[in-house]
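For reference, the structure discussed in these notes is given below.
The values are calculated or read from the model by the stated rules, or taken from the named source; none is laboratory data. Owing to the predicted nature of the structure, the values given are computational and were not obtained by experimental measurement. For neighbour counting, all protein chains shown are included, and Cβ atoms are generated from backbone atoms with ideal geometry for every residue, glycine included.
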Amino acid sequence: MAVKKIKTVYDVVCPFCGTLCDDLEVDVADNKIIEVRNGCQIGTKKFFASNPSEHRYEKPLIKVKGSFKEASWDEAIDKAADILVKAKRPLLYGFSSTECDAQSKGVELAEILGGILDNTASVCHGPTILAEQDVGVPTSTLGEYKNRADLVIFWGCNPVHAHPRHLSRYSEFVRGYFRKDGRNDRFIVVIDPRNTHTAQIADLFIQVNPSEDYELLNAIRAILRGVELDEKEISGVSMESIKELADKAKSCNFGVIFFGMGLTQSLAHHRNIDAAICLTRELNDHTKFLITPMRGHYNVTGANQVFTWNTGYPYSIDFSRGYPRYNPGEFSSVELLLKDQIDASLMISSDPASNFPAASVKNMFKHPLIVIEPHQTPTSENADIILPPAYAGIECEGTAYRMDSVPLRLRKVKDAPKGILTDKEILEKLIEKVKEKKGE
């Protein structure tokens, strides 16, 4: 019996969440991943999901009379380009779980089509970007927090579940250059409406009323300025707890606020982030304090960066007049679909059918739908054309941006199934075919 030859790839960047852990070791035999070391459970699962399975698409599919039929790449690309060229207002959405070169090709395709270009920031940290455009942002890299932070505040996020290795690599348990005793050198605060698993390992848990973060943020700002508030509690939090938190923040050596969708997607949206950034700025009158969003998809930060390089805007972009216009809300995917203002969609590396409102998903399925997706999802199952790509960061190289906007190079650890193209190659073929059909 032949012994399998095992190849080990070191320093692999995990293409799952915005933490982009870059210390994974992956064992590959017969072009299959057989072991992943150092990764969290969900990151590890993604690597194994790239192995051949009944859920993995390995050939382009076209829906004919309600069922999928295998097609050649030329046939599938031609039909997809035909749909996009005939559409008056096509939507290109997703881009957050692929590499930067593919994102750049997506911008090019959207411009040629005169369509709408959007990424998943419009349903997660879009309000963060709006707030940063309003008031700026005092921020830094995760390495600075690892080495220096002695006060860490998690506000409206639950990294134990969403970013499992964030705590051990950057924010809580890790030993840093100036925090040599790790967890014992840090004070952890969690502010959340729910008693999450992150809250259960914190030094201080403040349970705020749902959608009342804005009031609590401004109460802390008032106390920092020496204002006496004649209330017993604000946002469900006692004045004693608010004063304790303000004193703790003022007296630390180096503090950081990590915030998530508990702030961006609750009432007040970007005004919550405005207030959080202003609080951070005002704390710098007393000590060193910074703030960083907990980005979800591994390259949603990269999507915002790449869109901005190419168009000047990070998301929700309309090319219908031949030049980019930016107006979150009016040009955001959910709003456009709710109003049924889209007549064709191209979804890449995202699954909007799983998280968009039902009414918008229903309107999306009414019109032609093209999906660039490696495995079965609710979106792909309802698509008209499926174009299966290689997994970026597993089956092809590329660049991704960590949640703190640090670019990291993704490694290739195995080959894609025979005949499978990368996201970039698929978009390049679409661009070529669209130009041909438009006579350009």
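Considering region 264-296 alone, what residues qualify as being within 19 Å of ASP192 (Cα to Cα) and acidic (Asp, Glu)?
Scanning region 264-296 gives a single hit, ASP274.
Between ASP185, ASP203, ASP192, which is closer than 21 Å to THR292 by Cα, among the charged types (D, E, K, R) and within 26 Å of the chain's Cα centre (by Cα)?
It is ASP192.
Quick check on my filter: what residues within region 173-199 are surrounded by fewer than 21 Cβ atoms within 10 Å (Cβ to Cβ) and either acidic (Asp, Glu) or over 26 Å from THR141 (Cα atoms) (or both)?
ASP181, ASP185, PRO193, ARG194, ASN195
Residue by residue, here is whether (1) modelled with pLDDT under 95; (2) closer than 28 Å to GLY143 by Cα holds:
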site: VAL3; (1), (2): yes, no
site: THR19; (1), (2): no, yes
site: ASP23; (1), (2): no, yes
site: SER50; (1), (2): no, no
site: SER53; (1), (2): yes, no
site: SER72; (1), (2): no, no
site: LYS88; (1), (2): no, no
site: LEU91; (1), (2): no, no
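Let's see how each residue does on (1) of a type in the set (Asp, Glu); (2) within 23 Å of the chain's Cα centre (by Cα); (3) within 21 Å of GLU111 (Cβ to Cβ); (4) not assigned by TED's automatic domain parsing to the domain that holds ALA29:
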residue	(1), (2), (3), (4)
ALA358	no, yes, no, yes
GLN376	no, yes, no, yes
SER380	no, yes, no, yes
GLU397	yes, yes, no, yes
LYS412	no, yes, no, yes
ILE431	no, no, yes, yes
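Any chance you could count how many residues in region 206-229 are of a type outside the set (D, E, K, R), part of a helix (DSSP H, G or I) and under 27 Å from the mean Cα position of the chain (by Cα)?
Going through region 206-229 one residue at a time, the tally reaches 3.
LYS362 is checked against (1) touching a residue at least 12 places away in the same chain (Cβ under 8 Å); (2) not in a loop (DSSP other than H, G, I, E, B) and fails just one. What number does that condition carry?
(1)
So, in region 60-78, of the ones that are basic (Lys, Arg) and not in a loop (DSSP other than H, G, I, E, B), which residue ends up farthest from the chain's Cα centre (by Cα)?
Once the filter is applied, the top-ranked residue is LYS69.
In this structure, does ASN272 turn out to be crowded, with 23+ Cβ neighbours inside 10 Å, under 10 Å from the mean Cα position of the chain (by Cα) and modelled with pLDDT of 95 or more?
No.
Taking region 284-319 on its own, how many of its residues are of a type in the set (A, V, I, L, M, F, W, C) and closer than 30 Å to LYS248 by Cβ?
Going through region 284-319 one residue at a time, the tally reaches 4.
Considering each residue of region 100-128, count those that are closer than 25 Å to ILE291 by Cα, among the β-branched types (Val, Ile, Thr) and in contact with a strand residue (DSSP E or B) (Cβ under 9 Å, 6 or more places away or on another chain), and give that number.
Of the residues in that region, 2 qualify.
I'd like to check something: does region 293-305 contain any residue that is on the phi < 0 side of the Ramachandran plot and surrounded by fewer than 21 Cβ atoms within 10 Å (Cβ to Cβ)?
yes
Considering only residues of region 138-177 that are without any contact (Cβ under 8 Å) to a residue 60 or more places away in the chain and in a loop (DSSP other than H, G, I, E, B), which is farthest from MET294 (Cα to Cα)?
TYR177
Residues of region 15-59 being under 27 Å from CYS157 (Cα atoms) and in a loop (DSSP other than H, G, I, E, B), which ones?
PRO15, PHE16, GLY18, THR19, LEU20, CYS21, ASP22, ASP23, ASN38, GLY39, CYS40
Take GLU108 and tell me if it is part of a helix (DSSP H, G or I) and either touching a Pro at 6+ places or on another chain (Cβ under 8 Å) or outside the structural domain of LYS429 (by TED's automatic domain parsing) (or both).
It is false that GLU108 is part of a helix (DSSP H, G or I) and either touching a Pro at 6+ places or on another chain (Cβ under 8 Å) or outside the structural domain of LYS429 (by TED's automatic domain parsing) (or both).
For region 72-122, name all the residues that are more than 14 Å from ILE370 (Cα to Cα) and either of a type in the set (Asp, Glu) or free of Cβ contacts under 8 Å to residues at least 60 places away in the same chain (or both).
Residues satisfying the conditions are SER72, ASP74, GLU99, ASP101, GLU108, GLU111, ASP118.
For every residue, the table says whether it meets (1) assigned by TED's automatic domain parsing to the domain that holds ILE42; (2) within 27 Å of CYS21 (Cα to Cα); (3) of a type outside the set (Ser, Thr, Tyr).
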residue	(1), (2), (3)
HIS166	no, yes, yes
TYR170	no, yes, no
ILE201	no, yes, yes
ILE242	no, no, yes
LEU245	no, no, yes
THR264	no, yes, no
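Name the pairs: first residue in region 193-220 and without any contact (Cβ under 8 Å) to a residue 40 or more places away in the chain and within 24 Å of HIS270 (Cβ to Cβ), second residue among the small types (Gly, Ala, Ser) and outside any loop (DSSP other than H, G, I, E, B), Cβ to Cβ under 7 Å, at least 6 apart or on different chains?
ILE206/SER241
From VAL9, VAL28, VAL13, VAL36, which residue is farther than 29 Å from ARG295 by Cα, of a type in the set (A, V, I, L, M), in contact with a strand residue (DSSP E or B) (Cβ under 6 Å, 6 or more places away or on another chain) and surrounded by 14 or more Cβ atoms within 10 Å (Cβ to Cβ)?
The conditions single out VAL28.
Which one of these does ASP11 not meet: (1) in contact with a helix residue (DSSP H, G or I) (Cβ under 9 Å, 6 or more places away or on another chain); (2) closer than 13 Å to LEU410 by Cα; (3) part of a strand (DSSP E or B); (4) not hydroxyl-bearing (Ser, Thr, Tyr)?
(1)
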